[in-house]
Amino acid sequence: MINQQQLWDEEAAEKYDTPGEGMFSPEVLGPTLEVLSKLAGDGPAVEFAIGTGRVAIPLSKAGVHVSGIELSHAMISRLREKDGAEAIHVVQGDMTEAVAGDNFSLAFLVFNTIANLLTQEDQVRCFQNAARHLAPGGRFVIELWVPQLRSLPPGHQGTVEVSRPGYLLVDTYDVLNQHVISHHVGFGPELSDGRVARIGRTPHRYIWPSELDLMAQLAGFELESRWADWDGSDFTGESRSHVSVYRLPAS
């Protein structure tokens with residue numbers, strides 16, 4: 001089993017932020033913050049796997065009182081270097097059990113991070129921990145990719161997900177255990193003479209939407225809504241990701 005603390009080390013934290021690009025781009029962050037701010041309302045929010053504060057810091061600056069849980073010391077250190085981080089209470093620990101408070105109106109876990117928990121048991125425990133943090137009627141929001149098993153060619157166990165100059169992403173599947181390893185291959189003139197590649201690997205346990213809903217039910221949640229993206233677009237059989245909003249009973 002890969003140690004997540006070692007996976008998200010100082011080097012990973014240093015390279016994690018890509019200001020203005022990718023998941024840090026305004027077109028990605030803007031709709032995310034808008035939805036989360038609306039769902040939090042006047043109440044506090046807690047982010048599971050807060051990372052370097054990509055979402056939490058701008059959400060806090062928008063007026064939401066934000067707390068967080070993060071396993072990686074290195075990611076927390078990176079977060080603490082940023083403007084606005086002083087307003088955010090962060091607990092170092094495992095999001096399946098660490099406690100950042102209670103009576104939150106919103107808990108959220110974004111950018112596929114629940115898949116970093118590599119067993120079904122831990123993923124269920126994550127839902128249960130979210131329920132412990134929330135006030136009656138509180139919501140738990142998860143952003144997650146949809147497994148792309150239909151893309152697997154017959155007899156093969158991997159798919160090329162991204163191919164662009166200097167970067168290749170290949171996902172390999174273990175369908176028996178619902179595991180996928182993402183192989184990030186970087187190459188180019190900055191690496192030796194351009195003929196040597198650098199490979200990083202990240203493991204995940206993929207979850208079907210229906211399985212995710214059952215995990216939620218086990219923790220006392222009901223599915224309130226599901227979209228294909230933060231823009232509220234319809235979730236269909238062709239969607240490659242989803243934003244799911246779960247809610248506890250009001251009393």
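The table that follows gives values for the structure above.
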read-out	value
Fully extended contour minus Cα-Cα distance, from Val196 to Leu218, at 0.36 nm per residue	3.1 nm
Under 25 Å from the Cα of Lys38 - lysines, other chains or at least 8 residues apart	Lys61, Lys82
Pairwise label distance in nanometres, Asp122 with Leu149, each label 7 Å out on the Cα-Cβ vector	2.1
Cα gyration tensor category, rounded, prolate or oblate, for the stretch 66-147 with a/c compared to 1.5	oblate
Over the stretch 55-159, relative contact order from alpha-carbon pairs under 8 Å, at least 6 apart, %	24
Viscosity 0.890 mPa s, temperature 25 °C, Stokes-Einstein D of the chain from Kirkwood C-alpha radius, µm²/s	129
Inter-label distance, nm, simple model (7 Å from Cα along the C-beta direction), Glu34/Arg164	2.3
Cross-link partners of Lys15 among aspartates and glutamates (Cα-Cα below 19 Å; sequence separation of 8 or more within a chain)	Glu70, Glu81, Asp83, Glu190
Cα convex hull volume per residue for the stretch 1-144 (Å³)	101
Gyration tensor verdict on the stretch 75-220 (Cα atoms; rounded if a/c is under 1.5, prolate if a/b is larger than b/c, oblate otherwise)	oblate
Distance from the stretch 34-54 to the stretch 103-175 (C-alpha centre basis), Å	18
Segment Ser25-His156, extension gain: residue separation times 0.36 nm, minus the distance between their alpha carbons	43.7 nm
Average Cα contact separation per residue, the chain, under 8 Å, 6 or more apart, as relative contact order %	16
Separation in nanometres of the label points that stand 7 Å from Cα toward Cβ, at Ser233 and Arg80	4.0
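Bear in mind that the values in this text are calculations on the coordinates, not laboratory data. Source: prediction; values computed, not measured. With ideal geometry, Cβ positions are generated from the backbone for all residues, glycine too; neighbour counts draw on all protein chains shown.
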